[in-house]
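**Q** The structure that follows is given in the form of structure tokens.
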Amino acid sequence: MNPKIITYSPAYTLVPTYECFNRCSYCNFRSDIGTSGWMSLELAETTLRSLPPETREILILSGEVHPGSANRSAWLNHIVELCKLALSLGFLPHTNVGPLSHSEMAQLKQVNVSMGLMLEQFTPSLLKTVHRHAPSKEPHLRLHQLRQAGQLKIPFTTGILLGLGESKSDWVESLETIASVQSQYGHLQECILQPYSPGEDEVLKGTGFDLEQLPEVVTIARAILPDSITIQIPPNLIALPETLLACLDAGARDLGGLSPIDEVNPNYPHPTATKLRQILEPAGWELQSRLPIYPQYLDWIDLNVEILPDRVPHCADR
């Protein structure tokens, strides 16, 4: 009997800056403007050169600079330079830095193989609670970003956050919204189902998403989303192996980028691929590495972003 396939991306996260003008009450990532500065290209190069050879994806994950800030252009240019640096050293950048204008996304497409932005939840009710002080979490703004990525033919990852005070009907609406975008543009590689997991630095101090419900959410997502979207779950946020396996049985097929630190959830270190295989293989699953761009989107890459030939075969077939 052939093993079932579950994929992951050997990855590392570079953070241009933790400073962010949003104040999401569950955030364990951000710092106040003027307190943390920006990562230098010199430090980035030293870090990248020290990574293990199996690392392929470099996730560029940044706090957000206000669209009206005088620093916005410099911030975007710095992200572009980090992507160029990663490419020059043989890595494949995937950028997720918040909502961007059409021209900003077009600029970043030149130096990325894929990009991403969480839809989070499409309901506006969270703007009265956890997103009260987070202007860029306005649902239609984020939906516009998904559509814009489709117009630009950018292979894209999105997803929903679970356990922020939304209802089950909100899950359905958010997933139907994602499915609708995919039916129009066909550019969404993955949908992440990310459970809210409390951390040390957040304001919310909530109890977290009930992980016993996660396989149900996967089932709902698999029923709503087209097969062209892979469902991704973060293994570091799922405490029990049986819950992880139940999510796979329900239709999840990817475990995302595994890096030394989960910058968004720093209290929850990623398991190693070896540890995951110890859980997966007895249940008939084979863990395979993949690139941050799926094979069917390789023709979408702009000519000045070159996929290294020795990395292409590592793309998992879908």
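The values are calculated or read from the model by the stated rules, or taken from the named source; none is laboratory data. In this text, all values refer to a predicted model and were calculated from it rather than measured experimentally. Neighbour counts are summed over all protein chains in view; Cβ atoms, including those assigned to glycine, are modelled from backbone coordinates with ideal geometry.
**Q** Take residue 204 and tell me if it is crowded, with 20+ Cβ neighbours inside 10 Å and either at pLDDT 95 or above or closer than 17 Å to residue 162 by Cβ (or both).
**A** When the stated conditions are applied, residue 204 does not pass them.
**Q** Out of all the residues in the range 239-257, which are more than 20 Å from residue 158 (Cβ to Cβ) and either touching a Lys or Arg at 6+ places or on another chain (Cβ under 8 Å) or in contact (Cβ under 8 Å) with a residue 12 or more places away in the chain (or both)?
**A** Correct list: 239, 240, 241, 243, 244, 245, 246, 248, 249.
**Q** Which count do you get for residues in the range 2-31 that are assigned to a loop (DSSP other than H, G, I, E, B) and either in contact with a Phe, Trp or Tyr (Cβ under 9 Å, 6 or more places away or on another chain) or at positive phi (or both)?
**A** The qualifying residues number 9.
**Q** Report the residue count in the range 53-74 for those that are out of contact with any Cys (no Cβ under 7 Å at 6 or more places or on another chain), surrounded by 20 or more Cβ atoms within 10 Å (Cβ to Cβ) and over 22 Å from residue 9 (Cβ atoms).
**A** 1
**Q** Moving on to the next point. Give the range 1-25 a look and list any residue that's buried (at least 22 other Cβ atoms within 10 Å of the Cβ) and basic (Lys, Arg), or say none.
**A** Hits for the range 1-25: nothing passes.
**Q** Shifting gears a bit: Return a yes/no flag: does the range 105-128 have any residue that is touching a strand residue (DSSP E or B) at 6+ places or on another chain (Cβ under 9 Å), acidic (Asp, Glu) and modelled with pLDDT of 95 or more.
**A** Among the residues of the range 105-128, at least one is touching a strand residue (DSSP E or B) at 6+ places or on another chain (Cβ under 9 Å), acidic (Asp, Glu) and modelled with pLDDT of 95 or more, which makes the answer yes.
**Q** Determine if the range 179-190 includes at least one residue that is farther than 25 Å from residue 109 by Cα and at pLDDT 95 or above.
**A** So far as the range 179-190 goes, no, none of its residues is farther than 25 Å from residue 109 by Cα and at pLDDT 95 or above.
**Q** Look at residue 114 and say whether it is free of Cβ contacts under 8 Å to residues at least 24 places away in the same chain and more than 30 Å from residue 167 (Cβ to Cβ).
**A** no
**Q** Within the range 100-149, count every residue that is under 24 Å from residue 26 (Cα atoms) and either in contact with a His (Cβ under 6 Å, 6 or more places away or on another chain) or of a type in the set (Asp, Glu) (or both).
**A** 3
**Q** Here's something else I'd like to know. Among the residues of the range 88-106, what is the count of those that are more than 19 Å from the chain's Cα centre (by Cα), within 22 Å of residue 10 (Cα to Cα) and outside any loop (DSSP other than H, G, I, E, B)?
**A** Within the range 88-106, residues that are more than 19 Å from the chain's Cα centre (by Cα), within 22 Å of residue 10 (Cα to Cα) and outside any loop (DSSP other than H, G, I, E, B) number 1.
**Q** For residue 269, which of the numbered conditions (1) in contact (Cβ under 8 Å) with a residue 60 or more places away in the chain; (2) closer than 19 Å to residue 57 by Cα fails to hold?
**A** With respect to (1) in contact (Cβ under 8 Å) with a residue 60 or more places away in the chain; (2) closer than 19 Å to residue 57 by Cα, residue 269 is out only on (1).
Yes or no, residue by residue, for (1) farther than 23 Å from residue 47 by Cα; (2) modelled with pLDDT of 95 or more:
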{"position": "265", "(1), (2)": "no, yes"}
{"position": "276", "(1), (2)": "yes, yes"}
{"position": "285", "(1), (2)": "yes, yes"}
{"position": "290", "(1), (2)": "no, yes"}
{"position": "306", "(1), (2)": "no, no"}
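**Q** Collect the residues in the range 248-261 that are crowded, with 17+ Cβ neighbours inside 10 Å and modelled with pLDDT under 95, keeping them in residue-number order.
**A** Selection gives 259 alone.
**Q** Among the residues of the range 212-233, write down those that are surrounded by 20 or more Cβ atoms within 10 Å (Cβ to Cβ), in contact with a helix residue (DSSP H, G or I) (Cβ under 8 Å, 6 or more places away or on another chain) and outside any loop (DSSP other than H, G, I, E, B).
**A** Of everything in the range 212-233, those that are surrounded by 20 or more Cβ atoms within 10 Å (Cβ to Cβ), in contact with a helix residue (DSSP H, G or I) (Cβ under 8 Å, 6 or more places away or on another chain) and outside any loop (DSSP other than H, G, I, E, B) turn out to be 214, 215, 217, 218, 221, 231.
**Q** Give me a count of the residues in the range 193-218 that are touching a residue at least 60 places away in the same chain (Cβ under 8 Å) and farther than 14 Å from residue 239 by Cβ.
**A** Selection size over the range 193-218: 8.
**Q** So in the range 98-146, with the set limited to residues that are surrounded by 15 or more Cβ atoms within 10 Å (Cβ to Cβ) and among the basic types (Lys, Arg), which one is farthest from residue 84 (Cα to Cα)?
**A** Across the range 98-146, the extreme among qualifying residues is 137.
**Q** From the residues in the range 134-158 that are among the aliphatic types (A, V, I, L, M) and assigned to a helix (DSSP H, G or I), which one is nearest to residue 114 (Cα to Cα)?
**A** Among those residues, the one meeting the criterion is 149.
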